[in-house]
Each structure stands twice: as structure tokens, then as C-alpha cells.
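Here's the structure we're looking at; comments come further down.
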Amino acid sequence: YGILATSELKDSLLLTSPIILNKQVLVQRKANGENDSLYIRSQLDLAKKTLHVVKGSPSILRIHNLGNEIGEKYGSEQLISLVAHGDIDYAVCDESIARAVTDSLPQLDINTAISFTQFYSWAVSKQSPALLDSLNTWLDKFQKEKEYQKIYRKYYTK
């Protein structure tokens, strides 16, 4: 499983070449008409809204930067289910997870991006540069193969 390649991680770990690109999206119920006051169309509409985020998510810093209140109790799938059932209004999750889960929840909308596209990598100890080189060599070769494309489509696209 890839982790977000942040500058903090780069200080303590060696990160492989990116294995996927992903971004954080807002999960919400679809609008009930043109004047639905709960429906968020852009990040500017998030003012004074309560967002629910997976604990430890890289989106927390982004949301703090947007100046919103955050809840941190559940995993992505649980948060998406809570939105779908009307228990909460908004959640922020990885786009790939949201796409996979919302396929069976047509009442949800995940079209509002919360972050830019981000690189996800694998990490190894700073004391393992040879392992990093081996992983990067393998990744470079594997990402060009049909098997990689098959796995990527299965887990990261609709």
C-alpha cells in the first residue's frame, strides 16, 4: 500500500518512485435541486461546515489550511456509509477508495476535489539505499507491463 510522499517522510525515510497518483475528494450526497444548501460545489462552500476525515489522513493538514472543523473517528468506508445514510453530511477520502465504494451508492457525489493530485510511494529505511535502488528498478520495469495495468485498473479506476 502506498503512502503519501510528504516532505516530513522524506526527512526520515527513503521513498520509491511514485506507484500511484491520487487526491482527496469530498464525499457528499447528490444535490436535491438547484438550491440545495447542503451541496458543496467548490472548496469555498466549505466555510463553517463540519468535515469528517480518516484519522492520520494527509488531508487533515489541507483541511486545517481551509479552516474547517474536523472529525476523526472512522475509516474511509465507514465515513462514506455515514454520508450515504444521512448520519453526517460530508467526508474527505482518497479518490480511489471513494470511487470503489460509491459505485454501489448512487446517491453520493465525489466530484469536488479537496487536494491536488499527490504522489504515493513505498518507503524504506534511510539505511537501505540499495533496497531503494532495487525497488525503483523493479517498479520502473513492472509499471510498463500489462499485469501492472491490470492491477491498477482493478484498484484505482472505475
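The values are calculated or read from the model by the stated rules, or taken from the named source; none is laboratory data. Please read all numbers here as calculations on a predicted model, not as lab measurements. These accessible areas exclude ligands, DNA and RNA; they are computed on the full protein's heavy atoms, side chains included. Shrake-Rupley method; radii C 1.70, N 1.55, O 1.52, S 1.80 Å.
For the reader, a short list of remarks on this structure follows.
- For a straight C-alpha distance cut-off of 22 angstrom, the lysines reachable from Lys141 (same-chain residues fewer than eight places away being disregarded) are Lys150, Lys154.
- Cross-link reach list, lysines versus Lys49, counting only Cα pairs under 23 Å and skipping chain neighbours closer than eight places: Lys23, Lys30, Lys73
- Using a probe of 1.4 angstrom and keeping all protein chains present, the accessible surface of the chain works out to 61 square angstrom per residue.
- The long axis of helix 146-156 is offset from the longest Cα principal axis of the chain by roughly 30 degrees.
- Between helix 129-142 and the chain: long-axis angle, C-alpha atoms, 0 to 90°, nearest 10: 70
- Counting only protein heavy atoms and using a 1.4 Å probe, the accessible area of Arg99 comes to about 70 Å².
- Accessible surface of region 72-158, 1.4 Å probe, proportion on carbon and sulfur as whole %: 54
- For the chain, the antiparallel share of DSSP beta bridges with both residues in that region comes to about 75%.
- Mean sequence separation of contacting Cα pairs (under 8 Å, at least six apart), scaled by the length of the chain, corresponds to a relative contact order of 39 percent.
- From phi via Karplus (6.51, -1.76, 1.60), per-residue ³J(HN,Hα) for region 10-16 in Hz, x at Gly/Pro: 4, 6, 10, 9, 9, 10, 6
- Result for the chain in a Gaussian network model with C-alpha springs under 10 Å: among Val124, Val83, Val25, the largest mean-square fluctuation is at Val124.
- For Rg and Dmax of the Cα atoms in Å, computed directly from the structure shown, the correct entry in [x] 15.2, 54; [y] 17.0, 53; [z] 17.6, 58 is [z].
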